[in-house]
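Please read the structure below before turning to the comments.
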């Protein structure tokens, strides 16, 4: 198949959506399909070879300038190339282009308005480029925040458009009013422009069907997939302190503070023994004070020497970090859609303890590599971790099940097969635009 992906870069951070999109495109390319992965806003960043094209559309600098000044909505394209270049966008990404949803309400609404938004010029650039290429059989927008492109792309190409759902509700819920209601209303209005939606889990499909008012039958599940190259084939228990890990973006909604409180309760037990709490993952500028607060709390409890934040990790360091854990937990306070790091931990043979919410129950029950506890409950989380600490044989069995279960259910091969099945079904149900083009 010939497939065109439009995926949003995340301003220089390792983003779960970018990792997922790149892994899927890579696998489809390896199978001989004609795949083009086009970044929007900024170049994508992955911890595997990046297969996205160099050219970035809707460059983050351009969309920002056009949002705040009518002058830049009329500048010639030759001039736009100065700030749309990969060099300029990478430089801006290193300086952290704002991704805080609190700051981006007006811009979000404008992008969702599509042809009626302030970034109309950027949309026309993208459509002109598309018309110059051989038309794809299907176009996939990699989150519903891009749904403003769906109608224009369908009309320009006469091809079906899919839209992947993978965590954008968290961003939308962070928008201030009136931007939250306006953005959500625009997405719901433009659902009709999309031929099929794709969710990374069944639980998230059920949630987003209600959240976006999409008919559930219109949402297809394409499970997450991991490339297991370089992953350990076996795992031996460590001899040092019992190590509890946290690996994901460091932000309040990911729940590091809940894990820290659970750790305090565990360390208050005289029978728990030596332990450490290790954390890693991207830290945005707006969340640095949050991490400092967790660090201060650990020091106040007399546990400061037992906590370490490792920063953002590349692939080699990530696998080394995960393989050194005895248990991992991401006690998110929202309905997590992806939770790729939980699958990665299980793939390394590390048992997980996760809240019974979002996609976590689906992942843990299907792969079989962990325990589920009540959400936002440090005592329940501590009890789950304690169970694994006190029963090494249970921890070993869960680690082995997760190691095998993730490979069985969450490989890039299975992800690619499910994606192709969905695309084939969509292609054989032509859009009205496609029918008119053929007449």
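Here are the numbers:
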{"read-out": "Strands (runs of 3 or more DSSP E) within the range 280-392 that include 1 or more residues assigned by TED's automatic domain parsing to the domain that holds residue 247 and within 19 Å of the chain's Cα centre (by Cα)", "value": "352-355"}
{"read-out": "Any hit, the range 322-330, residues being surrounded by fewer than 20 Cβ atoms within 10 Å (Cβ to Cβ) and closer than 22 Å to residue 397 by Cβ", "value": "yes"}
{"read-out": "Qualifying residue in the range 196-208 (condition: over 30 Å from residue 286 (Cβ atoms), modelled with pLDDT of 95 or more and more than 21 Å from the chain's Cα centre (by Cα))", "value": "no"}
{"read-out": "Which numbered condition residue 183 fails, given (1) part of a helix (DSSP H, G or I); (2) touching a residue at least 12 places away in the same chain (Cβ under 8 Å); (3) under 30 Å from residue 327 (Cα atoms)", "value": "(3)"}
{"read-out": "Test: residue in the range 148-162 that is assigned to a helix (DSSP H, G or I), in contact with a helix residue (DSSP H, G or I) (Cβ under 6 Å, 6 or more places away or on another chain), modelled with pLDDT of 95 or more and more than 24 Å from residue 429 (Cβ to Cβ)", "value": "no"}
{"read-out": "Total residues in the range 192-223, condition closer than 15 Å to residue 426 by Cα and outside any strand (DSSP E or B)", "value": "7"}
{"read-out": "Which numbered condition residue 180 misses (of (1) buried (at least 17 other Cβ atoms within 10 Å of the Cβ); (2) touching a strand residue (DSSP E or B) at 6+ places or on another chain (Cβ under 9 Å))", "value": "(2)"}
{"read-out": "Residue 273 vs. criteria in a helix (DSSP H, G or I) and either touching a helix residue (DSSP H, G or I) at 6+ places or on another chain (Cβ under 8 Å) or in the same structural domain as residue 10 (by TED's automatic domain parsing) (or both)", "value": "no"}
{"read-out": "Complete set of residues in the range 11-48 that are in contact with a helix residue (DSSP H, G or I) (Cβ under 7 Å, 6 or more places away or on another chain) and in a loop (DSSP other than H, G, I, E, B)", "value": "11, 12, 31, 41, 42, 43, 44, 45, 46, 47, 48"}
{"read-out": "Selection from the range 10-64 of residues that are within 13 Å of the chain's Cα centre (by Cα), more than 21 Å from residue 170 (Cα to Cα) and without any contact (Cβ under 8 Å) to a residue 60 or more places away in the chain", "value": "22, 46"}
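Listed here are the residues, each with its yes/no results for (1) within 27 Å of residue 337 (Cβ to Cβ); (2) outside the structural domain of residue 176 (by TED's automatic domain parsing); (3) at pLDDT below 95; (4) not in a loop (DSSP other than H, G, I, E, B).
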residue	(1), (2), (3), (4)
102	yes, no, yes, yes
115	no, no, yes, yes
126	yes, no, no, yes
139	yes, no, no, yes
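The values are calculated or read from the model by the stated rules, or taken from the named source; none is laboratory data. No experiment lies behind these values; they were computed from the predicted model shown. Note that we place each Cβ from the backbone using ideal geometry, even for glycine, and neighbour counts take in every protein chain shown.
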